[in-house]
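Worksheet for the structure shown next.
The values are calculated or read from the model by the stated rules, or taken from the named source; none is laboratory data. None of the values given here were measured: they were computed from a predicted structure. Glycine gets a Cβ as well: all are built from the backbone with ideal geometry, and neighbour counts include every protein chain shown.
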Amino acid sequence: MSYTKILREFRKKKILVIGDIILDRYIWGRVNRISPEAPVPIVEVAKEDFLLGGASNVAHNIVALGGSASIVGVIGNDRAGDVLMNLFDERGIQCQGIFRCSRNTIVKTRVIAHNQQVVRFDKEDKDRLDGKVFRELLQYIREVLPNHDAVIISDYKKGVVSSELIREVLKNSKPSHIFVSVDPKVGHFKLYKNVSLITPNLAEASLASGIEIEDEKSLINAGRTLLKNLSCDAVLITRGEQGMSLFEKEKVTHIPTVTRDVYDVTGAGDTVIAAFTIAHAAGASMKEAAVIANHAAGIVVGKVGTAAATPEQLRKSLAVNRDKSEIH
């Protein structure tokens, strides 16, 4: 299937996104002097923005790519939760699977001056989700999962993703052969056994496999170890400026990065898993989906803050970088 046809199919696909929902708050300003009270910069605030983060940024990426996204997770009964609900509505993200509870909404605040991050501070509750809200969340997943073309589990290790949740997802996806991808976190890898795809970065792959990745040989050993131990269909290791490496049962494919100016890698992993999953659901092979994800990541790291790629931007990138796209 050609890349053009794959991109056209995006608009027909429904993706269920499950995981930790985060509100990204950006404070933009300028630094002209150092504080007389301590050796720290004084940021003169110019504006403040709120963006979707965590699992909600994955859903945002799906919608930006032209697909339909439904999100499942928890937020608080607070102002940050209200801001998130408004953002879901503005972005066209289906949010019937959002459950509000007594815990605080997770907020990550980044202070940006002259296009550089000065400091970040987090407000979060990382306790494991359980009780009535968790039971309601699982019941919702059971009801709606069969109506979707693929599932993305966005694990930021903030309490939503657990062995019980993943078992429920796999139980309800296997009968219909629904693709399940996971953006993983160190410490949770044992939970991901039998999912379709995981997308660790180099550091995560190294820690999870127990292999220090120093060269191509150790990279291949780590990828194959994860593939075997977790019984996944594929492992996609993201390698920053070196691109990506896709591990399937019979082969390894190294995909070079699409050269761009890098301004901010915030949310790049969200873009990778969103683009890969919707591309595969749209008929792309694992390799084709990885190439598309690589181009999508190249687009978003050229922007400040959590961002998303569009089908038109992907078409342009794939056309301009034909040698890294294998367009046919």
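Numbers below:
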read-out: Restricting the stretch 92-113 to residues that are surrounded by fewer than 19 Cβ atoms within 10 Å (Cβ to Cβ) and farther than 16 Å from ASP49 by Cβ, the residue that is modelled with the lowest pLDDT; value: SER102
read-out: Answer from SER162, SER173 - the residue that is more than 24 Å from LYS287 (Cα to Cα) and touching a residue at least 24 places away in the same chain (Cβ under 8 Å); value: SER162
read-out: Subset of the stretch 176-214 that is among the basic types (Lys, Arg) and over 16 Å from PHE247 (Cβ atoms) - its residue that is surrounded by the fewest Cβ atoms within 10 Å (Cβ to Cβ); value: LYS190
read-out: Residue count for the stretch 117-157, restricted to those that are part of a loop (DSSP other than H, G, I, E, B), within 21 Å of GLY81 (Cβ to Cβ) and in contact with a Leu (Cβ under 9 Å, 6 or more places away or on another chain); value: 2
read-out: Residue among VAL272, VAL235 that alone is β-branched (Val, Ile, Thr), touching a residue at least 24 places away in the same chain (Cβ under 8 Å), closer than 25 Å to ILE71 by Cα and in contact with a Phe, Trp or Tyr (Cβ under 9 Å, 6 or more places away or on another chain); value: VAL235
read-out: Search result, residues across the stretch 1-57 that are surrounded by 20 or more Cβ atoms within 10 Å (Cβ to Cβ), touching a Lys or Arg at 6+ places or on another chain (Cβ under 9 Å) and of a type in the set (A, V, I, L, M); value: LEU7, ILE21, ILE22, LEU23, LEU51, LEU52
read-out: Test for SER206: is it among the polar types (S, T, N, Q) and in a helix (DSSP H, G or I); value: yes
read-out: Candidates ASP127, ASP89, ASP122, filtered to the one that is loosely packed, with under 15 Cβ neighbours inside 10 Å and under 18 Å from ARG25 (Cβ atoms); value: ASP122
read-out: Index of the failed condition, LYS217 passing every other in (1) surrounded by fewer than 17 Cβ atoms within 10 Å (Cβ to Cβ); (2) farther than 22 Å from GLU250 by Cβ; (3) modelled with pLDDT of 95 or more; value: (2)
read-out: Criterion (more than 25 Å from SER163 (Cα to Cα) and either free of Cβ contacts under 8 Å to residues at least 12 places away in the same chain or of a type in the set (A, V, I, L, M) (or both)) met by exactly one of VAL45, VAL72; value: VAL45
